[in-house]
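K.L.:
Handing you a structure now.
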Amino acid sequence: MSISIMIALGGNALSPKDKTGTIKQQFETTRQSLDGVMEFINLGLNVCITHGNGPQVGNELLRMDLTHEHVPPLPLGLCVAGTQGTIGYMIQQSLQNKLRTFDLDREVVTLVTQVRIDENDPAISNPTKFVGKTYSEETARSYADKLGWDIAEQNSGEWRRVVPSPLPYYVMHGKSIKALVDRGTIVLAAGGGGIPVYNDANNRLKGLDAVIDKDLTAAKLGRVIRAKELWIITDVDYVYLRFKKEGQKPISQMTTIEAEKYLKEGEFKKGSMAPKIKAALYFLKHYGEKVIITSIPSIKQAINGKAGTEIIKPEIS
């Protein structure tokens with residue numbers, strides 16, 4: 001049986017911050033991003049992919065805000081479901097075409113995935129997840145005043161909308177996903193962290209307006225499919241100490257003990273790298289053997305141990 005791996009593609013791997021994010025640009029970026037994913041497929045690995053949707057779902061929400069007087073707006077949860085379909089379509093078609101180029105007979109499927117959350121999660125009333133485009137403070141505040149956004153500064157001088165981001169409790173459809181992955185199907189699942197749902201008092205599923213933490217969902221899904229490795233693909237080549245500060249230093253490898261230490265010391269920014277480190281720690285605690293955090297262009301080098309940040313369990317003496 002082939003080894004299974006879990007790949008978490010960041011939303012900016014499909015729609016970079018420095019572009020306007022037209023569908024043409026997103027397709028072009030998706031095709032480029034999948035060059036890295038093909039490295040795993042060419043190794044004969046079983047692959048499950050999840051993806052972020054921050055830029056895309058932010059654009060959907062902006063469309064709702066600007067057209068609400070003419071078209072009934074959709075709730076955030078439904079926008080997450082919609083982006084699972086649209087992003088899944090782009091990745092699925094682009095990857096199918098690449099497989100044809102290499103004459104590889106493997107199917108690619110997109111599974112609309114619900115993820116249960118705890119309806120009492122305090123994150124629901126404390127928006128922290130960045131979505132949509134980056135704005136100057138003045139522009140962001142004008143949107144906040146006009147459209148009722150919650151906003152926050154992501155980097156110095158860069159402001160974005162924030163929405164609630166509860167933790168995933170249970171990834172639904174796990175047996176189906178694992179069955180497909182085990183037979184060699186390339187599965188796109190739990191896009192955007194999954195569609196957030198919860199059980200009401202009558203044990204019925206209900207949707208929620210939020211965006212679930214994508215990286216922890218990937219770690220939990222990796223546990224479900226018994227993945228050996230979790231690859232978190234973002235917009236930086238390495239995890240850094242003192243990121244964007246004097247003395248910035250890349251980390252090529254660290255143990256879970258070191259990662260926990262740096263996390264407690266505040267080395268990793270909330271809403272960006274910290275959730276990825278927490279996801280890595282969860283994955284390594286429950287089943288996985290290795291986590292790699294890197295960028296799309298560095299995947300091939302990272303597979304050969306020459307790029308990216310590798311997080312592993314400490315050796316037992």
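K.L.:
Applying the selection to segment 21-44, what residues are farther than 14 Å from Ile186 by Cα and open to solvent by less than 90 Å² (accessible area, probe 1.4 Å)? Write out each step before concluding.
P.N.:
As a first pass, look at segment 21-44 and keep what is farther than 14 Å from Ile186 by Cα: 21-33, 35-36.
Matches in segment 21-44: Gly21, Thr22, Gln25, Gln26, Phe27, Glu28, Thr29, Thr30, Ser33, Asp35, Gly36.
K.L.:
Another question about this same structure. With the condition being crowded, with 16+ Cβ neighbours inside 10 Å, aromatic (Phe, Trp, Tyr) and at pLDDT 95 or above, I'd like the strands (runs of 3 or more DSSP E) fully within segment 218-317 carrying at least 1 qualifying residues. Step through it out loud before you land on a result.
P.N.:
Numbers: elements: 229-234, 239-241, 249-251, 253-255, 290-295, 309-312.
It comes to 229-234, 239-241.
K.L.:
Consider Gly148 carefully, then state whether it is exposed (fewer than 13 other Cβ atoms within 10 Å of the Cβ), at positive phi and modelled with pLDDT under 90. Break it down into steps so the answer makes sense when it comes.
P.N.:
Values: exposed (fewer than 13 other Cβ atoms within 10 Å of the Cβ): yes; at positive phi: yes; modelled with pLDDT under 90: yes.
It is true that Gly148 is exposed (fewer than 13 other Cβ atoms within 10 Å of the Cβ), at positive phi and modelled with pLDDT under 90.
K.L.:
Separate question: Let me spell it out: the conditions are (1) surrounded by 14 or more Cβ atoms within 10 Å (Cβ to Cβ); (2) under 17 Å from Gly77 (Cβ atoms), and Ser125 meets all of them except one. Which number is the exception?
P.N.:
In the conditions (1) surrounded by 14 or more Cβ atoms within 10 Å (Cβ to Cβ); (2) under 17 Å from Gly77 (Cβ atoms), Ser125 misses (1) alone.
K.L.:
Let me ask something additional. Take the conditions open to solvent by 60 Å² or more (accessible area, probe 1.4 Å), in contact with a strand residue (DSSP E or B) (Cβ under 6 Å, 6 or more places away or on another chain) and either over 15 Å from Gly54 (Cβ atoms) or part of a helix (DSSP H, G or I) (or both) and apply them to Glu153. Does it pass?
P.N.:
Against the criterion (open to solvent by 60 Å² or more (accessible area, probe 1.4 Å), in contact with a strand residue (DSSP E or B) (Cβ under 6 Å, 6 or more places away or on another chain) and either over 15 Å from Gly54 (Cβ atoms) or part of a helix (DSSP H, G or I) (or both)), Glu153 qualifies.
K.L.:
Looking only at segment 74-103, count how many residues are over 18 Å from the mean Cα position of the chain (by Cα) and farther than 22 Å from Asn42 by Cα.
P.N.:
2
K.L.:
Here is a check on your reading of the model: is Asp213 at pLDDT below 95 and in contact with a Gly (Cβ under 9 Å, 6 or more places away or on another chain)?
P.N.:
Details: at pLDDT below 95: yes; in contact with a Gly (Cβ under 9 Å, 6 or more places away or on another chain): yes.
Yes; evaluated as a whole, the condition is true for this residue.
K.L.:
Based on what the data block shows, is Val131 part of a loop (DSSP other than H, G, I, E, B), out of contact with any Asp or Glu (no Cβ under 8 Å at 6 or more places or on another chain) and modelled with pLDDT under 95?
P.N.:
Values: part of a loop (DSSP other than H, G, I, E, B): no; out of contact with any Asp or Glu (no Cβ under 8 Å at 6 or more places or on another chain): yes; modelled with pLDDT under 95: yes.
In short, no.
K.L.:
Can I ask one more? Select, from Pro75, Pro55, the only residue that is touching a residue at least 24 places away in the same chain (Cβ under 8 Å), of a type outside the set (Lys, Arg), under 26 Å from Arg161 (Cα atoms) and surrounded by fewer than 20 Cβ atoms within 10 Å (Cβ to Cβ).
P.N.:
Working: Pro55 fails: surrounded by fewer than 20 Cβ atoms within 10 Å (Cβ to Cβ).
Sole residue among the options that is touching a residue at least 24 places away in the same chain (Cβ under 8 Å), of a type outside the set (Lys, Arg), under 26 Å from Arg161 (Cα atoms) and surrounded by fewer than 20 Cβ atoms within 10 Å (Cβ to Cβ): Pro75.
K.L.:
Might you let me know whether segment 236-251 holds any residue that is of a type in the set (A, V, I, L, M, F, W, C), in contact (Cβ under 8 Å) with a residue 40 or more places away in the chain and more than 16 Å from Ile277 (Cα to Cα)?
P.N.:
Step one: list which residues in segment 236-251 are of a type in the set (A, V, I, L, M, F, W, C), which gives 236, 239, 241, 243, 251.
Now drop any that are not in contact (Cβ under 8 Å) with a residue 40 or more places away in the chain, which leaves 236, 239, 251.
Imposing the further condition that a residue be more than 16 Å from Ile277 (Cα to Cα) reduces the set to none.
Looking for residues that are of a type in the set (A, V, I, L, M, F, W, C), in contact (Cβ under 8 Å) with a residue 40 or more places away in the chain and more than 16 Å from Ile277 (Cα to Cα), one finds none in segment 236-251, hence no.
K.L.:
Here's something else I'd like to know. Taking the conditions exactly as written (surrounded by fewer than 24 Cβ atoms within 10 Å (Cβ to Cβ) and in contact with an Asp or Glu (Cβ under 8 Å, 6 or more places away or on another chain)), does Tyr198 satisfy them or not? Walk me through it before giving the result.
P.N.:
Details: surrounded by fewer than 24 Cβ atoms within 10 Å (Cβ to Cβ): yes; in contact with an Asp or Glu (Cβ under 8 Å, 6 or more places away or on another chain): yes.
Spelling it out, Tyr198 is indeed surrounded by fewer than 24 Cβ atoms within 10 Å (Cβ to Cβ) and in contact with an Asp or Glu (Cβ under 8 Å, 6 or more places away or on another chain).
K.L.:
Still on this structure, I have one more. Only residues that are out of contact with any Lys or Arg (no Cβ under 7 Å at 6 or more places or on another chain) and open to solvent by less than 20 Å² (accessible area, probe 1.4 Å): list them for segment 83-122, please.
P.N.:
From segment 83-122, those out of contact with any Lys or Arg (no Cβ under 7 Å at 6 or more places or on another chain) are 83-93, 95-98, 100-122; that's our starting set.
If the condition is that a residue be out of contact with any Lys or Arg (no Cβ under 7 Å at 6 or more places or on another chain) and open to solvent by less than 20 Å² (accessible area, probe 1.4 Å), then Thr83, Gln84, Ile87, Gly88, Met90, Ile91, Leu95, Val108, Thr113, Val115, Ile117 are the ones that fit.
K.L.:
Under 6 Å between Cβ atoms, at least 6 apart or on separate chains: pull out the pairs that start in segment 160-173 with a residue that is under 25 Å from Gly132 (Cα atoms) and in a loop (DSSP other than H, G, I, E, B) and end on any residue that is small (Gly, Ala, Ser) and modelled with pLDDT under 95.
P.N.:
Pro164/Ala123; Pro164/Ala210; Ser165/Ala123; Pro166/Ala123; Pro166/Ala210
K.L.:
Something else about it: Those residues that are outside any strand (DSSP E or B) and either touching a Leu at 6+ places or on another chain (Cβ under 7 Å) or open to solvent by 40 Å² or more (accessible area, probe 1.4 Å) (or both), I need them from segment 182-195; list them, please.
P.N.:
Pass one, segment 182-195, residues outside any strand (DSSP E or B): 182-185, 190-194.
Residues satisfying the conditions are Asp182, Arg183, Ala190.
K.L.:
Follow-up. Taking Leu34 and the conditions (1) among the hydrophobic types (A, V, I, L, M, F, W, C); (2) under 30 Å from Pro127 (Cα atoms); (3) at pLDDT 85 or above, which numbered condition does it fall short on, given that it satisfies the others?
P.N.:
If we test Leu34 against (1) among the hydrophobic types (A, V, I, L, M, F, W, C); (2) under 30 Å from Pro127 (Cα atoms); (3) at pLDDT 85 or above, just (2) comes out false.
The values are calculated or read from the model by the stated rules, or taken from the named source; none is laboratory data. A quick note: this is a predicted structure, and the numbers were derived from the prediction, not measured. We place every Cβ from the backbone using ideal geometry, glycine too, and count neighbours over all the protein chains shown. The area values use the complete protein model at the heavy-atom level, side chains included, leaving out ligands, DNA and RNA. Shrake-Rupley method; radii C 1.70, N 1.55, O 1.52, S 1.80 Å.
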